[in-house]
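**Student:** Submitted below is the structure of interest, expressed as structure tokens.
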Amino acid sequence: MSLQKIKSKIRKDLKGIIPEVRNKDFNYNITELPSKKNTVINLVFDKKPRDFPKEVIIKIFRTKNIVSENNILIRLKNQNFRVPEILSLKKPYLILEKVQGVNLSDFINEKLKNSEELDDLPLDVKNQVIKSIEKLAEWLAQLHEKNTVRKHKSEELFVLNKGDTRLRDFIIDFSNDILYGVDFEDAYEGNHMDDLAWICCSLLDTNPGLFDMDEPKHKIELINLFLKKYYQETSSFQFDFTYLAEKIIEHLNIVIQRRNLPYGQISKSSFFEDISKEI
């Protein structure tokens, strides 16, 4: 759907919630943000509406996960997690606070350009990158610790996984030293290492990474720092390298297929040979 059609649909469907979208005294621009399953719009007014901020995020759901995401955001807000505030819900629209900062994927990958190892970076930049990945580890450790469950007749400890967890799903505001988590439409209960594997995959598959360098040492270093910090923050979960590696391979192959990359499927044997010695 074109932006013009989306804008017309918003004007029609949300006029009762945000009257200013139909008010000629208010101008606003919309831009579409990356999203695989739903339409996500950044809407910016030229002046503040009566009941909303000047800038909001509008998620237009094509899936059936709108109620689930709404409920999880409320749950996490009540647990004092940094997540966007829900401003309004009217199916299929979920209107959210626009949090300030930069997504971790853009931040980390921009800083790592033209380098091979973390020690190649200026010390202040290196420390900032490490701080960002450690804050992410702390955020996920707290998410899992506060949301554990034992399913009926099972000894395994399950957690609330964010699901399809990518670096871009986290926004860091360095001016206020805050990390936000966004996009919980794929959240589910499962093994805590599922989220960890997705983050490792996101580090490896974004440029500069596994598909751009012969040996992305800085990304392997960040994976090590991320995992070390995570397990320092929690005593509830056990590390299982085999499970983690198999999940990373599974996720990388999903990414290869999703992006139509010119690579064959990654095999367990080659991955273990190239990666496991570094982790």
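**Student:** Would you check if there is a residue in region 176-184 being among the polar types (S, T, N, Q) and assigned to a helix (DSSP H, G or I)?
**Tutor:** Just the residues of region 176-184 that are among the polar types (S, T, N, Q), to begin with: 176.
Now restrict to residues that are assigned to a helix (DSSP H, G or I): none.
Among the residues of region 176-184, not one is among the polar types (S, T, N, Q) and assigned to a helix (DSSP H, G or I), which makes the answer no.
**Student:** Can I ask one more? In region 179-199, what residues are in contact (Cβ under 8 Å) with a residue 40 or more places away in the chain, in contact with a Phe, Trp or Tyr (Cβ under 8 Å, 6 or more places away or on another chain) and within 14 Å of residue 160 (Cα to Cα)?
**Tutor:** Scanning region 179-199 gives 181, 185, 189, 191, 192, 193, 196.
**Student:** Can you pull out every residue in region 28-41 that is over 21 Å from residue 186 (Cβ atoms) and either surrounded by fewer than 18 Cβ atoms within 10 Å (Cβ to Cβ) or touching a residue at least 60 places away in the same chain (Cβ under 8 Å) (or both)? Steps first, answer last, please.
**Tutor:** To start, the set of residues in region 28-41 that are over 21 Å from residue 186 (Cβ atoms) comprises 28-31.
Of everything in region 28-41, those that are over 21 Å from residue 186 (Cβ atoms) and either surrounded by fewer than 18 Cβ atoms within 10 Å (Cβ to Cβ) or touching a residue at least 60 places away in the same chain (Cβ under 8 Å) (or both) turn out to be 29, 30, 31.
**Student:** I'd like to know if region 153-163 contains one or more residues that are aliphatic (A, V, I, L, M), in the same structural domain as residue 224 (by TED's automatic domain parsing), surrounded by 15 or more Cβ atoms within 10 Å (Cβ to Cβ) and out of contact with any helix residue (DSSP H, G or I) (no Cβ under 8 Å at 6 or more places or on another chain). Break it down into steps so the answer makes sense when it comes.
**Tutor:** As a first pass, look at region 153-163 and keep what is aliphatic (A, V, I, L, M): 157, 159-160.
Filter once more, so that each one left must be in the same structural domain as residue 224 (by TED's automatic domain parsing): 157, 159-160.
Subset that is surrounded by 15 or more Cβ atoms within 10 Å (Cβ to Cβ): 157, 159-160.
Of the ones still in play, those that are also out of contact with any helix residue (DSSP H, G or I) (no Cβ under 8 Å at 6 or more places or on another chain) are 157.
Yes, the conditions are met somewhere in region 153-163.
**Student:** Right, another one. Quick check on region 3-20. Is at least one of its residues buried (at least 16 other Cβ atoms within 10 Å of the Cβ) and under 14 Å from residue 184 (Cα atoms)?
**Tutor:** Checked against the condition, which is being buried (at least 16 other Cβ atoms within 10 Å of the Cβ) and under 14 Å from residue 184 (Cα atoms), region 3-20 yields no hits at all.
**Student:** In this structure, does residue 100 turn out to be touching an Asp or Glu at 6+ places or on another chain (Cβ under 6 Å) and of a type in the set (S, T, N, Q)?
**Tutor:** On the way: touching an Asp or Glu at 6+ places or on another chain (Cβ under 6 Å): yes; of a type in the set (S, T, N, Q): yes.
For residue 100, the condition - touching an Asp or Glu at 6+ places or on another chain (Cβ under 6 Å) and of a type in the set (S, T, N, Q) - is met.
**Student:** Still on this model: Report yes if some residue within region 200-207 is of a type outside the set (Asp, Glu) and either more than 30 Å from residue 119 (Cα to Cα) or free of Cβ contacts under 8 Å to residues at least 24 places away in the same chain (or both); otherwise report no.
**Tutor:** Of all residues in region 200-207, those of a type outside the set (Asp, Glu) come to 200-204, 206-207.
From what's left, either more than 30 Å from residue 119 (Cα to Cα) or free of Cβ contacts under 8 Å to residues at least 24 places away in the same chain (or both): none.
Checking region 200-207: not a single residue is of a type outside the set (Asp, Glu) and either more than 30 Å from residue 119 (Cα to Cα) or free of Cβ contacts under 8 Å to residues at least 24 places away in the same chain (or both).
**Student:** Any chance region 167-178 includes a residue that's crowded, with 17+ Cβ neighbours inside 10 Å and either over 25 Å from residue 129 (Cβ atoms) or without any contact (Cβ under 8 Å) to a residue 40 or more places away in the chain (or both)?
**Tutor:** Looking for residues that are crowded, with 17+ Cβ neighbours inside 10 Å and either over 25 Å from residue 129 (Cβ atoms) or without any contact (Cβ under 8 Å) to a residue 40 or more places away in the chain (or both), one finds none in region 167-178, hence no.
Here is a yes/no grid of residues against (1) in the same structural domain as residue 260 (by TED's automatic domain parsing); (2) over 19 Å from residue 102 (Cα atoms); (3) part of a helix (DSSP H, G or I):
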residue	(1), (2), (3)
137	yes, no, yes
168	yes, no, yes
186	yes, yes, no
189	yes, yes, no
218	yes, yes, yes
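The values are calculated or read from the model by the stated rules, or taken from the named source; none is laboratory data. Just so we're clear, the structure is a prediction, and the values are computed from it rather than from any experiment. Reconstructed Cβ throughout: ideal geometry from the backbone, glycine too, with neighbour counts over all protein chains shown.
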